[in-house]
Amino acid sequence: MNRAGITFAPIMKKPYLIIDFDSTFTRVEALDLLAEIVLAHSPRKGEVLRQIQEITNRGMDGELDFRTSLTLRLELLHAHRDHIQHLADRLKEQVSPSFRRNQPHLTALKETVYVVSNGFRDFIVPVVEDYGLLAENVFANVFTYDEKGYVSGFDTESPLSRSGGKSQVIRDLKLQGDVYVIGDGANDLEIRKAGFANKFYLFTENVEREKVKEEADHIAPSVDEILYNLNMSRSLSYPKNRIRVLLTEEVPANAAALFEQEGYQVEHVGHPLSEDELCEKIKNVNVLGVGAKTPVTEKVIANARRLINIGAFCIETGHISLDACTKHGVAVFNAPFSNTRSVVELALAEIILLVRQVPERASAMQSGQWDRPPQAGHEVRGKKLGLVGYGNIGAQLSVLAEAIGLEVYFYDIADKLPLGNARKCDSLEALLSIADIVSLHIDSRPENDGLFGTAQFAAMQQGAIFLNLSYGKAVQPAALRQAVLSGKLGGCGLDVFPEEPDNSHSTFRSELIGLPNTLLTPHIGGRTAEAQDDIGRFVPGKILQYINTGTTTGSVNFPQVQLPMVLNAHRLLHIHHNVPRVLAQIDRVLAQHDINILGQYLKTNEHIGYVITDVDKAYSEELLGQLKQIEPTIWFRVLY
């Protein structure tokens with residue numbers, strides 16, 4: 001022990017990692033890719049590729065001895081040195097994602113990392129050297145070439161040119177220490193079965209071979225899982241394949257793809273979940289993604305034992321208990337801008353259609369009636385548009401509406417800067433009294449429930465147009481119906497409703513159905529391809545940034561902290577109740593362990609504090625335990 005009381009663990013010898021190349025280090029079988037290169041312009045390409053793939057699979061499943069498999073495949077090709085060079089360049093682009101993201105960790109272990117393959121050094125060495133591994137630690141076959149540079153065969157004296165050759169290579173290396181094999185085929189499994197390795201990790205990121213799976217010591221969908229299982233805890237924070245993501249409702253497809261690309265386990269339930277259903281499914285979930293109809297209550301959060309953050313694939317977060325999330329250290333992100341343009345365009349289109357009385361004319365035409373009055377509505381130019389709510393959508397609608405000749409007025413409970421020539425009204429009543437068109441753009445806070453009823457419609461101008469594309473419960477349907485039927489309102493357009501069906505196959509019921517000059521749409525304001533694509537990228541981007549760096553920019557409940565990537569340091573993330581002297585306690589613990597602080601950040605809001613500390617890599621597990629035990633701690637994690 002030293003004077004700081006730190007007990008250092010004995011220095012452990014690095015384990016030996018024996019890594020296969022085809023379908024493990026790279027995502028493809030090299031000879032299959034070589035065949036595509038050689039046969040690129042051959043009319044027999046399809047048939048030859050099929051034969052090679054069949055031979056490859058039979059060999060990997062143990063049905064063919066390796067030399068036979070290799071000989072048969074090479075006989076089907078007529079490869080040149082130039083093809084081999086081209087193959088090496090292509091393979092550099094095919095390195096498996098988890099090897100790619102763990103390159104720094106593998107490079108740090110390069111002295112004890114061996115690539116042992118039944119492939120060929122000719123194309124393997126250029127690839128692994130690009131990743132900082134040692135050429136002298138590559139054991140593979142070698143091509144022979146004729147005088148014109150074409151592959152004529154291979155060195156048949158190499159043990160790797162026959163079945164069981166990998167075991168012989170490892171035996172001859174006489175490695176002193178723990179040996180772990182990472183591969184996807186039967187010939188990799190044989191190394192452990194022959195007694196030359198402690199454990200065989202079946203690498204399934206690219207392919208799963210059921211026959212090999214039955215005898216594997218550990219199923220490893222990524223390199224992250226292997227490093228974690230080997231207790232190389234300072235190599236990565238947590239294996240990404242163990243991070244579980246639950247998506248509900250019609251979350252954009254590209255969102256799931258981004259999480260899967262990162263290596264996470266993703267489950268997508270394509271409909272809203274009830275509170276009880278979500279309580280059951282969320283127990284071991286790390287990331288939750290929801291639309292606007294899945295309630296994330298305090299009870300749900302209490303059942304979420306591993307939840308790190310929540311992504312709301314919408315603007316609103318009223319269906320999420322932000323207080324409970326904050327209390328339990330769960331960061332929440334939404335998409336405040338992604339569907340702005342789409343909603344604005346729909347609102348503008350509806351304004352024009354309703355002022356022109358198009359719904360009436362279009363309905364008559366669908367019934368075969370040629371109802372062509374002398375005057376069919378009005379132009380919108382010169383009309384007064386009143387916006388209730390001047391957030392992202394209201395403000396952008398203001399700009400576009402003004403561009404086509406509308407006079408814009410707005411009312412917002414917050415002090416907002418008018419854009420263009422828009423004018424702010426001091427009260428809702430003042431806005432209603434002058435507007436020819438009233439459009440709601442408010443959020444789902446409880447005080448907005450029932451905001452528009454009989455009194456508000458009575459305060460509007462005779463024949464005014466009313467739109468609600470924001471919050472369904474803000475409007476009292478019975479009062480709106482009466483206002484339209486009485487002629488007080490000249491028409492209305494609604495995209496949101498107090499009660500909405502759970503899916504596209506349900507029946508919609510509303511007393512607003514059948515009203516004259518009325519547009520009812522099934523909550524499609526933000527359902528354009530562009531908006532959904534942007535939401536599907538934006539929300540996962542924020543979540544991944546938080547998990548990978550600790551950055552909370554864009555969170556609706558956490559202090560806003562923009563952080564750089566962790567470089568040559570370990571990052572300690574400490575979330576705690578906002579009480580005095582927590583930072584002092586953290587620094588006291590670090591000082592007691594002689595820890596050098598490379599950078600430190602603290603942000604608080606009224607509920608929580610968030611301390612981010614970048615430190616040198618030398619510290620003990622005891623330090624981490626003490627930081628977790630600081631009394632106001634809600635959540636503590638480490639990024640490597």
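Below are the figures for this structure:
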read-out: Taking the convex hull of Cα positions in segment 565-639, its mean projected area over all directions (nm²); value: 4.6 nm²
read-out: Computed over the chain, the ratio Rg/Rh where both radii use C-alpha atoms and Rh is Kirkwood; value: 1.10
read-out: Förster-model FRET efficiency, 56 Å R0, Asp61 and Thr297, C-beta, rounded to 0.05; value: 0.65
read-out: Under-5 Å amide H pairs with Gly289, H placed in peptide plane, nonlocal only; value: Leu246, Leu247, Thr248, Gly311
read-out: Gyration tensor (alpha-carbon) shape descriptor, segment 216-281, a/c threshold 1.5; value: prolate
read-out: Cα centroid of segment 364-378 to Cα centroid of segment 239-310, whole Å; value: 49 Å
read-out: Loop-located GluC sites (Glu not before Pro) in segment 209-308 whose Cβ has at most 15 other Cβ within 10 Å (DSSP); value: Glu214, Glu215
read-out: On Cα atoms only, tilt of 66-75 relative to the major axis of the chain in degrees; value: 70 degrees
read-out: Karplus (6.51, -1.76, 1.60) ³J(HN,Hα), θ = phi - 60°, over segment 419-430, in Hz, Gly and Pro reported as x; value: 9, x, 9, 4, 10, 8, 9, 6, 8, 5, 4, 5
read-out: Cut-off 20 Å (backbone N to label point 7 Å along Cα→Cβ of Glu147), residues of segment 77-106; value: 79-82
read-out: At 0.890 mPa s and 25 °C, Stokes diffusion of segment 463-606 via Kirkwood alpha-carbon radius, µm² per second; value: 121 µm²/s
read-out: Charge tally in the Cβ shell below 12 Å around Val330, where Lys, Arg are +1 and Asp, Glu are -1, Val330 excluded; value: +1
read-out: For q = 0.13 Å⁻¹, Debye-computed log10 I/I(0) when each Cα of segment 244-388 counts as one equal scatterer; value: -0.69
read-out: At most 16 other Cβ within 10 Å, DSSP loop - GluC sites (Glu not before Pro), segment 494-574; value: Glu499, Glu511
read-out: Of all DSSP beta bridges in segment 16-229, antiparallel share, percent nearest 5; value: 25 percent
read-out: Inverse of mean 1/r across different Cα pairs in segment 16-229, Kirkwood, Å; value: 17.3 Å
read-out: Antiparallel DSSP beta bridges within segment 340-527, percent to nearest 5; value: 0 percent
read-out: Distant alpha-carbon pairs in segment 361-491 (separation over 19 angstrom), percent; value: 52 percent
read-out: Residue-wise HN-Hα coupling along segment 501-516, computed from phi with Karplus coefficients 6.51, -1.76, 1.60 (Hz; x: Gly, Pro); value: x, 6, 8, 6, 9, 8, 8, 8, 10, 6, 6, 8, 5, x, 6, x
read-out: At R0 = 35 Å, FRET efficiency that the Cβ-Cβ distance of Arg171 and Glu208 yields, to 0.05; value: 0.80
read-out: Paramagnetic reach from Ala349 (point 7 Å along Cα→Cβ, amide N under 11 Å) across segment 448-485; value: none
read-out: Residues with amide H under 5 Å from that of Tyr145, placed H, sequence gap 5 or more; value: Ser152
read-out: DSSP-assigned coil residues among trypsin sites (Lys or Arg not before Pro) in segment 30-60, each with at most 14 further Cβ atoms within 10 Å; value: Arg44
read-out: Within the chain, percent of DSSP bridges classed antiparallel, to nearest 5; value: 30 percent
read-out: In order through segment 443-460: 3J(HN,Hα) via Karplus (6.51 cos²θ - 1.76 cosθ + 1.60), integer Hz, x for Gly, Pro; value: 9, 9, 4, x, 5, 8, 4, x, 4, 9, x, 4, 5, 5, 5, 5, 7, 7
read-out: Cut-off under 5 Å, modelled amide H: who pairs with Leu467 long-range; value: Val438, Ser439, Leu440, Gly493
read-out: 0 to 90° range, to nearest 10: angle between helix 81-92 axis and the chain longest Cα axis; value: 50 degrees
read-out: For segment 79-186: rounded, prolate or oblate by the Cα gyration tensor [a/c cutoff 1.5]; value: oblate
read-out: Residue-averaged [θ]222 nm for the chain, counting only DSSP H segments that reach four residues, each worth -39500 (n - 2.57); value: -10000 deg cm²/dmol
read-out: Leu440, Leu77 arranged by Cβ crowding within 10 Å, fewest neighbours leading; value: Leu77, Leu440
read-out: Per-residue Cβ neighbour rank within 10 angstrom, fewest leading, Ser433, Ser69; value: Ser433, Ser69
read-out: Per-pair calculated FRET efficiency, R0 = 56 Å: Glu621 and Val399 via Cβ, rounded to 0.05; value: 0.50
read-out: Degrees, to the nearest 10: 529-549 long Cα axis against longest axis of the chain; value: 50 degrees
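Every number here is computed from the coordinates shown, using simple stated rules; none is lab data. Worth saying up front: this structure is predicted, and the values here are computed from it rather than measured. Please note: Cβ atoms are built from the backbone with ideal geometry, for glycine as well, and neighbour counts cover all protein chains shown.
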